[in-house]
Amino acid sequence: MNINEWFKDPKVLEKSKRGYAHFDLRTDLSKCRKYITDPRNVTQHGFYPFIKSDLEYHKYDKAKGRNLKKRTICYASHIDSCIFQYYSFLINKK
């Protein structure tokens, strides 16, 4: 898959739309394509810190019974997520 096909793939576009709140405005790959494909913009880009959240849920084990599990989730800002997604595609392609 070449880069133009990747940007038009409905699954990729849907994955880039993040619904959670962060410090920046919500965006997706189609809106910020020009920005994230220019390496000069990415080298100058100030990445936001991750927002961390702890999830707690109960996991059932036949031997031990019910256990409390904790998992830390980190959310990237919307534009940072698009940059990570784009460069992840480029790295995985190679």
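Computed from the coordinates by the stated procedures, all read-outs in this text should not be read as laboratory data. Only a predicted model underlies this, so the values are computations on that prediction, with no experimental measurement involved. When we count neighbours, we look across all protein chains shown, and the Cβ atoms used for this are built from the backbone with ideal geometry, even at glycine.
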**Message:** Using a Förster radius of 25 Å, what is the FRET efficiency between N4 and I91 based on their Cβ-Cβ separation? Nearest 0.05, please.
**Reply:** 0.85
**Prompt:** Between the DSSP loop rule and a limit of at most 12 other Cβ atoms within 10 Å, which chymotrypsin sites (Phe, Trp or Tyr not before Pro) in the stretch 24-84 are left?
**Reply:** F47
**Prompt:** At 222 nm, what helix-only mean residue ellipticity would the chain give, in deg cm²/dmol to the nearest 500, using -39500 (n - 2.57) for each DSSP H run of four or more?
**Reply:** -12500 deg cm²/dmol
**Asked** Which whole-Hz couplings ³J(HN,Hα) result when phi for each residue of the stretch 72-89 is put into the Karplus expression 6.51 cos²θ - 1.76 cosθ + 1.60, θ = phi - 60°, listed in order with x for Gly and Pro?
**Response** 8, 10, 10, 10, 8, 5, 5, 5, 4, 4, 5, 5, 4, 5, 5, 6, 5, 4
**Prompt:** What lysines could a cross-link reach from K34, if we take a straight Cα to Cα line under 16 Å and drop same-chain neighbours fewer than 8 places away?
**Reply:** K8
**Message:** Given the C-alpha atoms of the chain, compute the convex hull and give its volume per residue in Å³.
**Reply:** 151 Å³
**Message:** If you filter the stretch 35-84 for trypsin sites (Lys or Arg not before Pro), then keep DSSP loop positions with at most 15 other Cβ within 10 Å, what is left?
**Reply:** K62, K64
**Request:** Take the Cβ-Cβ distance between Q44 and K70 as r, set R0 to 30 Å, and report the resulting FRET efficiency rounded to the nearest 0.05.
**Result:** 0.20
**Request:** Have a look at I36, I91, F7 and report the one farthest towards the positive end of the charge dipole of the chain, computed about the Cα centre with Cβ charges (Lys/Arg +1, Asp/Glu -1).
**Result:** I91
**Label-point separation in nm, S30 to H58, each point 7 Å along Cα→Cβ** = 4.3 nm
